[in-house]
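Here's the structure, in structure tokens; my notes come after.
The values are calculated or read from the model by the stated rules, or taken from the named source; none is laboratory data. Treat the numbers as computed from the prediction; the structure is a model and nothing was measured. As a convention, Cβ positions derive from the backbone with ideal geometry for all residues, glycine included, and neighbour counts pool all protein chains shown.
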Amino acid sequence: MKIATVILVYGKSQNLEECLASLKVSNSSGIDNKIIVVDNSKDNAGYSGGNNKGILQALAGGAEAVLLLNDDTKVDKSVMVEMLEALKDKQVGMVSPKIYFYPGFEYHKDRYKPKDKGKVIWYAGGLIDWNNCLGIHRGVDEVDIGQYQKKEETEFATGCAVLVKKEVFEKIGLYDERYFLYLEDLDLSVRVKRAGFKIIYQPKAVVWHKNAQSSGSGSGLHDYFFTRNRLLFGLENASFKTKFALVRESIGIFLTGNNWKRRGVLDFYLRKLGRGSWI
């Protein structure tokens with residue numbers, strides 16, 4: 001199968017060299033994998049728009065599947081072989097690997113013994129919390145002792161590392177660029193499932209992630225896009241009860257939240273999506 005790997009960067013990346021080196025090793029088994037690096041610095045189209053540029057280039061080049069991969073990752077030497085194995089099933093549209101925190105990038109660094117570093121789970125399949133319109137990483141912060149070693153269907157695939165079959169893009173389109181940044185992977189996963197494809201978690205495929213290298217959790221950027229996009233995702237996909245709760249919550253955020261959260265709420269209702277008011 002001819003595949004392409006799309007890596008989105010913003011300006012000079014401190015992580016890209018290690019990521020590319022690990023991909024080179026994973027391709028050594030004879031896999032036809034074209035690497036496409038998209039620089040988002042001249043015209044920042046966000047995570048969704050930047051990746052879409054790479055996906056379109058990959059498909060135009062004849063790719064039968066596209067691996068979307070963060071630049072702040074390192075992949076195991078067998079990641080391609082294992083993900084492609086899971087993609088053979090005609091019903092499978094997307095495959096996610098098991099993702100560990102890169103050693104030293106754990107949320108709770110003092111919690112783990114030295115021997116545990118590199119085996120602390122960041123993602124072992126994803127769940128959707130429909131009451132709060134959030135994606136939940138199964139196993140996050142747990143040391144891997146084999147508790148998530150079953151290949152199985154999962155509810156959502158994180159955009160950090162996911163292999164997507166060409167037929168998925170042909171049927172449902174690309175990332176929704178209204179999101180710009182955050183929750184676009186949740187939205188894509190929901191559309192993939194609704195189109196009749198399966199999303200598979202493949203634990204034999206392993207990736208390490210230097211978490212929060214690009215935007216920084218808790219930053220103004222995070223507050224703005226996460227607040228706005230939860231409303232976008234929830235009011236288009238959730239139950240009536242959850243939609244009502246989101247609207248009520250948004251009123252409270254607008255009255256008492258910080259500047260960026262308030263701006264996120266306002267921009268959602270004014271339909272200032274995509275880049276929105278973010279400067």
Worksheet, complete the sentence: Scanning the range 108-131 for residues that are without any contact (Cβ under 8 Å) to a residue 12 or more places away in the chain and either of a type in the set (A, V, I, L, M) or assigned to a loop (DSSP other than H, G, I, E, B) (or both) gives 113
Worksheet item: Among (1) in contact (Cβ under 8 Å) with a residue 40 or more places away in the chain; (2) of a type outside the set (Lys, Arg); (3) in contact with a Phe, Trp or Tyr (Cβ under 7 Å, 6 or more places away or on another chain), which single condition is residue 41 missing?
Response: (1)
Worksheet, complete the sentence: Just one listed residue, out of 239, 217, is within 23 Å of residue 126 (Cβ to Cβ), polar (S, T, N, Q), modelled with pLDDT under 95 and surrounded by fewer than 19 Cβ atoms within 10 Å (Cβ to Cβ), and it is 217
Discussion item. I need the full set of residues from the range 155-168 which are surrounded by 23 or more Cβ atoms within 10 Å (Cβ to Cβ) and more than 22 Å from residue 23 (Cβ to Cβ), in order please.
Written reply: 156
Fill in: Every residue from the range 30-58 that is in contact with a helix residue (DSSP H, G or I) (Cβ under 6 Å, 6 or more places away or on another chain) and part of a loop (DSSP other than H, G, I, E, B)
31, 40
Worksheet, complete the sentence: Among the residues of the range 63-102, the number that are touching a helix residue (DSSP H, G or I) at 6+ places or on another chain (Cβ under 9 Å) and of a type outside the set (D, E, K, R) is 19
Practice prompt. Kindly indicate the residue of the range 246-279 that is of a type in the set (A, V, I, L, M) and without any contact (Cβ under 8 Å) to a residue 24 or more places away in the chain and also nearest to residue 130 (Cα to Cα) among those meeting that condition.
Written response: 247
Item to complete: Test residue 96 against the criterion of being touching a residue at least 60 places away in the same chain (Cβ under 8 Å) and over 17 Å from the mean Cα position of the chain (by Cα), and give yes or no.
Response: no
Worksheet, complete the sentence: Among (1) in contact with an Asp or Glu (Cβ under 6 Å, 6 or more places away or on another chain); (2) at pLDDT 90 or above; (3) not β-branched (Val, Ile, Thr), residue 51 falls short only on (1)
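Every residue, every condition in (1) within 25 Å of residue 79 (Cα to Cα); (2) not in a loop (DSSP other than H, G, I, E, B), yes or no:
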{"position": "167", "(1), (2)": "yes, yes"}
{"position": "176", "(1), (2)": "no, no"}
{"position": "179", "(1), (2)": "no, no"}
{"position": "192", "(1), (2)": "yes, yes"}
{"position": "224", "(1), (2)": "no, yes"}
Practice prompt. Those residues that are in contact with a Lys or Arg (Cβ under 8 Å, 6 or more places away or on another chain) and in a loop (DSSP other than H, G, I, E, B), I need them from the range 142-153; list them, please.
Written response: 144, 148, 151
Worksheet item: Just a yes or no: is a residue in the range 122-136 more than 24 Å from residue 221 (Cα to Cα), surrounded by 22 or more Cβ atoms within 10 Å (Cβ to Cβ) and not assigned by TED's automatic domain parsing to the domain that holds residue 264?
Response: yes
Worksheet item: Among the candidates 93, 139, which residue alone is outside any strand (DSSP E or B), assigned by TED's automatic domain parsing to the domain that holds residue 188 and modelled with pLDDT of 95 or more?
Response: 139
Worksheet item: Which of the residues belonging to the range 248-266 are part of a helix (DSSP H, G or I), over 19 Å from residue 187 (Cα atoms) and either in contact with a helix residue (DSSP H, G or I) (Cβ under 7 Å, 6 or more places away or on another chain) or of a type in the set (A, V, I, L, M) (or both)?
Response: 250, 251, 253, 254, 255, 260, 261, 262, 263, 266
Practice prompt. Give me a count of the residues in the range 96-107 that are among the aromatic types (Phe, Trp, Tyr) and assigned to a loop (DSSP other than H, G, I, E, B).
Written response: 3
